[in-house]
(Lines give C-alpha, C1' and ligand atoms only; values in the text may rest on other atoms or scores of the structure.)
Protein backbone atom coordinates (compact mmCIF):
# COMPACT_ATOMS: atom_id res chain seq x y z
CA UNK A 1 0.00 0.00 0.00
CA UNK A 2 1.32 3.48 -0.84
CA UNK A 3 0.73 6.83 0.79
CA UNK A 4 0.85 10.26 -0.91
CA UNK A 5 2.80 13.04 0.78
CA UNK A 6 4.25 15.89 -1.31
CA UNK A 7 6.60 16.81 1.58
CA UNK A 8 9.68 18.98 0.94
CA UNK A 9 12.94 17.07 1.47
CA UNK A 10 16.66 17.75 1.34
CA UNK A 11 18.49 15.54 -1.15
CA UNK A 12 22.16 14.84 -1.86
CA UNK A 13 23.02 13.66 -5.37
CA UNK A 14 25.94 12.06 -7.16
CA UNK A 15 26.12 12.17 -10.95
CA UNK A 16 22.57 13.57 -11.00
CA UNK A 17 21.05 10.71 -8.99
CA UNK A 18 19.81 10.88 -5.39
CA UNK A 19 22.10 9.08 -2.93
CA UNK A 20 20.52 10.16 0.35
CA UNK A 21 17.72 12.39 1.62
CA UNK A 22 16.31 13.78 4.83
CA UNK A 23 12.59 13.40 5.44
CA UNK A 24 10.93 14.25 8.75
CA UNK A 25 14.31 14.66 10.48
CA UNK A 26 15.55 11.19 9.43
CA UNK A 27 18.41 10.45 7.05
CA UNK A 28 17.63 7.87 4.35
CA UNK A 29 20.41 6.18 2.36
CA UNK A 30 19.37 5.32 -1.19
CA UNK A 31 20.30 1.68 -1.78
CA UNK A 32 18.92 1.28 -5.31
CA UNK A 33 17.24 3.37 -8.02
CA UNK A 34 14.28 1.28 -9.17
CA UNK A 35 12.95 3.62 -11.87
CA UNK A 36 13.46 7.12 -13.26
CA UNK A 37 11.32 9.27 -15.57
CA UNK A 38 10.89 12.89 -16.68
CA UNK A 39 7.61 14.76 -17.20
CA UNK A 40 7.64 18.01 -19.16
CA UNK A 41 5.45 20.79 -17.79
CA UNK A 42 2.58 22.09 -19.87
CA UNK A 43 3.84 24.50 -22.54
CA UNK A 44 1.69 27.37 -21.23
CA UNK A 45 3.32 27.11 -17.78
CA UNK A 46 6.91 27.14 -19.06
CA UNK A 47 8.82 30.38 -18.65
CA UNK A 48 11.35 31.55 -21.21
CA UNK A 49 14.64 29.69 -20.87
CA UNK A 50 13.27 27.14 -18.39
CA UNK A 51 11.94 23.82 -19.73
CA UNK A 52 10.11 23.24 -16.46
CA UNK A 53 10.71 19.53 -16.18
CA UNK A 54 9.73 17.37 -13.26
CA UNK A 55 12.21 14.55 -12.70
CA UNK A 56 11.06 11.51 -10.74
CA UNK A 57 12.98 8.68 -9.08
CA UNK A 58 11.53 5.59 -7.44
CA UNK A 59 14.15 4.42 -4.99
CA UNK A 60 14.72 1.79 -2.34
CA UNK A 61 16.08 3.58 0.73
CA UNK A 62 17.00 2.73 4.30
CA UNK A 63 16.61 5.03 7.33
CA UNK A 64 18.54 2.55 9.46
CA UNK A 65 15.70 0.33 10.63
CA UNK A 66 14.61 -1.38 7.40
CA UNK A 67 14.21 -0.58 3.74
CA UNK A 68 11.25 1.03 2.02
CA UNK A 69 10.32 2.31 -1.42
CA UNK A 70 9.98 6.06 -2.02
CA UNK A 71 9.14 8.30 -4.95
CA UNK A 72 11.18 11.51 -5.12
CA UNK A 73 10.53 14.49 -7.41
CA UNK A 74 12.80 17.33 -8.48
CA UNK A 75 11.13 20.35 -10.08
CA UNK A 76 13.59 22.20 -12.34
CA UNK A 77 11.50 25.39 -12.30
CA UNK A 78 11.62 25.79 -8.52
CA UNK A 79 14.75 23.68 -8.00
CA UNK A 80 13.09 21.90 -5.09
CA UNK A 81 12.74 18.27 -4.04
CA UNK A 82 9.59 16.58 -2.74
CA UNK A 83 8.90 13.13 -1.34
CA UNK A 84 5.76 12.26 -3.29
CA UNK A 85 4.94 8.72 -2.22
CA UNK A 86 6.06 5.97 0.16
CA UNK A 87 5.24 2.26 0.11
CA UNK A 88 4.90 0.02 3.15
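The values are calculated or read from the model by the stated rules, or taken from the named source; none is laboratory data. Everything numeric here is computed off the predicted structure, so don't read it as measured data. Cβ placement follows ideal geometry from the backbone for every residue including glycine, while neighbour counts extend to all protein chains displayed.
When only residues in the range 69-81 that are in contact (Cβ under 8 Å) with a residue 24 or more places away in the chain and surrounded by fewer than 19 Cβ atoms within 10 Å (Cβ to Cβ) count, which is nearest to residue 38 (Cα to Cα)?
76
Considering every residue within the range 6-16, establish whether at least one is under 14 Å from residue 60 (Cα atoms) and at pLDDT below 95.
Looking for residues that are under 14 Å from residue 60 (Cα atoms) and at pLDDT below 95, one finds none in the range 6-16, hence no.
What residue, among those in the range 34-45 that are at pLDDT below 90 and outside any loop (DSSP other than H, G, I, E, B), is nearest to residue 24 (Cα to Cα)?
Of everything passing the filter in the range 34-45, 40 is nearest to residue 24 (Cα to Cα).
For residues that are at pLDDT below 90 and assigned to a strand (DSSP E or B), scanning just the range 46-76, find the one that is farthest from residue 86 (Cα to Cα).
Among those residues, the one meeting the criterion is 53.
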